[in-house]
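Colleague: My questions all concern the structure below.
Coordinate-derived values only; no laboratory data. Keep in mind the model is a prediction, meaning the values are calculated, not measured. Every residue, glycine as well, gets a Cβ built from its backbone with ideal geometry; the counts of neighbours run over all protein chains shown.
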Amino acid sequence: MFKNVEWLRDAVFYEIYPQSFYDSNGDGIGDLKGIEEKLDYVKWLGCNAIWINPFYESPFGDAGYDITDFRKVAPRYGTNEDFEALCRSAHEKGIRILCDLVPCHTSIEHRFFRESSKKEKNEYSDFYIWCNDPGSEYPHLNKRKYERDDRYLCSFYAIQPAINYGFYEVTEDWQMDMNSEICLNNQKKLIDVMDYWISLGADGFRVDMAKDIIKSDPKREGTKLFWQKIRQYLDDNHPDIVLISEWSRGNEAVDAGFHMDMFLSGGSLFRNEKPEENYFNYFRKEGKGILSRFSDDYINIYEHIKGRGYWSLVSGNHDQPRISKGRDDEELKTLMAFILTMPSPPIIYYGDEIGMRFIEGIDKEGSQTSRGGSRTPMQWEDGKKNKGFSTSDDPYLPADNSEGSPSVDKQKGKDDSLLEYTRKMTSLKHSHSAFFADSDFRFMDRKMNYPLWYERKSSDETIRVVINPSGKKMTIKETENIKEILECRNASLDGNAITLTGLSVFIYTV
Ligand code: GLC
Ligand code: CA
């Protein structure tokens, strides 16, 4: 699949939050040089592609998702040359670099918005979406004290005014059709931004809020047309560039032309714990989850996009509580084994490979406490200042120094640590064609709740994976001949009976 970006078949992504990863110059903030210095670690872990959160010039009202210059690395992260150097070093090591593309909005402090908010008509007046009808009840309209007396549409926070790519269904006077010249010009400007980062070495983009680009588009028809056009442009001009969406409906995103979308919440498998509603995560010792809440949805989307695109399972991201919240390392190992053996390229959020903890009560640069706790400095070395993240007395955020907090150095080389286990799984993944992103997948028995039992198959091998994330002992019977055991964790084989004692992973060929 994807002749020009074949590498995706064997890709394992690593998401890096640049301000918190590694500070190379001791000013307290992680930077691009810091990422470059840690490329060997990323490679050692078994990841061969990196998605970096926004590193562009910004007042950081939403941690960099509010941009004032789309073509400039924010000084706190380094320079554009640093980005080029990072790409060069990464490519030498066989690692791809994806930029975060933030197409839907700029910062309120962007030069264009300043112009746009002026009373007198100018070339930027319609760059954003302004509503001059005080009676309109269209959602997300904001008013601030500007010369111009209108309200503007925002994407997320009020500091993020939406760029005008138009509406699919125009129902009010102030709305422009998505095919109007101004809107098409804005699309062109976006393409120019992509071209720019491609020219510096980027291998692709993770597209922020991709599904929200066209307004009044409930079925995302206009949004799909918008992205299809961009994909066409890339295929014609830069066929080796990868487009990944923040959409969370793989079927829609792949139809829209994305190579891959992310299954953000991991569905009910990892998230949405609501015991009061009898709603439990699947990947927990208690073993009270319900697989079909995930599998029904997953299989439908999988069938829909098969052969055309991917739907990635992620360990977490910068917008969600850490996956370690409420879980111990044994539970996390079953979860890593799962995301690293399922179809589509997985994404590991920095620090999840050592089980970094979610820190309560952190609110930084617009994170709010729901997200801030997942954005703390990477814990490289125990006992070192800021856990080895920075030599500064004033780091971006304090590193987690709580009792028993994990670190790379404590786990590296230690048999059976979460870090080494994650690495074992990435290496297993890379060494089997059945685990390629596009190799076949099926649940062995969808009616079975625990354990999770599935098959991956390529033209030269068939692998079956059994995962029992619960602490309960159970036995299943394989009817085919087990040829080779690739992984056996808290499990045993007796004839064709596989006994999973709890928190188990059993992987074998048939
Ligand atoms: C996406 C980003 C999030 C950001 C928002 C607005 O959801 O992942 O961090 O705040 O878009 O750009
Ligand atoms: Ca720095």
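Colleague: Select from segment 14-51 the residues that are touching a Leu at 6+ places or on another chain (Cβ under 8 Å) and of a type in the set (G, A, S) and write down the one among them that is farthest from ligand 1 (Cβ to nearest atom).
Modeller: A49
Colleague: Okay, moving on. Give the residues of segment 116-142 that are part of a loop (DSSP other than H, G, I, E, B), at negative phi, surrounded by 11 or more Cβ atoms within 10 Å (Cβ to Cβ) and under 35 Å from the mean Cα position of the chain (by Cα), sorted by residue number.
Modeller: Hits for segment 116-142 are S117, Y124, S125, D126, F127, I129, Y138.
Colleague: OK, next. From the set of residues in segment 105-155 that are out of contact with any strand residue (DSSP E or B) (no Cβ under 7 Å at 6 or more places or on another chain) and touching a residue at least 40 places away in the same chain (Cβ under 8 Å), which is nearest to ligand 1 (Cβ to nearest atom)?
Modeller: Across segment 105-155, the extreme among qualifying residues is S107.
Colleague: Among the residues of segment 458-508, which ones are out of contact with any Phe, Trp or Tyr (no Cβ under 8 Å at 6 or more places or on another chain), surrounded by 16 or more Cβ atoms within 10 Å (Cβ to Cβ) and either β-branched (V, I, T) or assigned to a strand (DSSP E or B) (or both)?
Modeller: T462, N490, T499, G502, L503, S504, V505, F506, I507, Y508
Colleague: Moving on. Taking into account only those residues within segment 53-108 that are among the β-branched types (V, I, T), under 20 Å from the mean Cα position of the chain (by Cα) and over 22 Å from R371 (Cβ atoms), which is surrounded by the fewest Cβ atoms within 10 Å (Cβ to Cβ)?
Modeller: To start, the set of residues in segment 53-108 that are among the β-branched types (V, I, T) comprises 67-68, 73, 79, 95, 97, 102, 106, 108.
Add one more test, that the residue is under 20 Å from the mean Cα position of the chain (by Cα), and what stays is 67, 95, 97, 102.
Among the residues that remain, those that are also over 22 Å from R371 (Cβ atoms) are: 95, 97.
Working: I95: 20, I97: 25.
Among those residues, the one meeting the criterion is I95.
Colleague: Oh, and also: Please give the helices (runs of 4 or more DSSP H) falling wholly within segment 20-93 in which 1 or more residues are without any contact (Cβ under 8 Å) to a residue 12 or more places away in the chain and either within 16 Å of ligand 2 (Cβ to nearest atom) or closer than 30 Å to F113 by Cβ (or both). Outline the logic, then answer.
Modeller: Values: elements: 32-37, 39-45, 80-92.
Here the list reads 80-92.
Colleague: If a residue must be farther than 21 Å from E286 by Cβ and among the acidic types (D, E), how many such residues does segment 315-351 contain?
Modeller: Final tally of qualifying residues: 1.
Colleague: Would you confirm, using the coordinates I've provided, whether D415 is of a type outside the set (K, R) and either assigned to a helix (DSSP H, G or I) or touching a Lys or Arg at 6+ places or on another chain (Cβ under 8 Å) (or both)?
Modeller: Working: of a type outside the set (K, R): yes; either assigned to a helix (DSSP H, G or I) or touching a Lys or Arg at 6+ places or on another chain (Cβ under 8 Å) (or both): no.
It is false that D415 is of a type outside the set (K, R) and either assigned to a helix (DSSP H, G or I) or touching a Lys or Arg at 6+ places or on another chain (Cβ under 8 Å) (or both).
Colleague: For segment 94-104, how many residues are away from ligand 1 (no atom under 16 Å from the Cβ) and assigned to a loop (DSSP other than H, G, I, E, B)? It would help to see each step written out before you state the result.
Modeller: Start the filter on segment 94-104 by keeping residues that are away from ligand 1 (no atom under 16 Å from the Cβ), which leaves 94-97.
Now narrow it down to the ones that are assigned to a loop (DSSP other than H, G, I, E, B): 94-95.
Total meeting the criteria: 2.
Colleague: For segment 392-425, what are the residues that are buried (at least 22 other Cβ atoms within 10 Å of the Cβ) and more than 25 Å from Q19 (Cβ to Cβ)?
Modeller: Within segment 392-425, Y421, M425 qualify.
Colleague: Only one of (1) more than 12 Å from D23 (Cα to Cα); (2) outside any loop (DSSP other than H, G, I, E, B) fails for E360. Which number is that?
Modeller: Just one mismatch for E360, condition (2).
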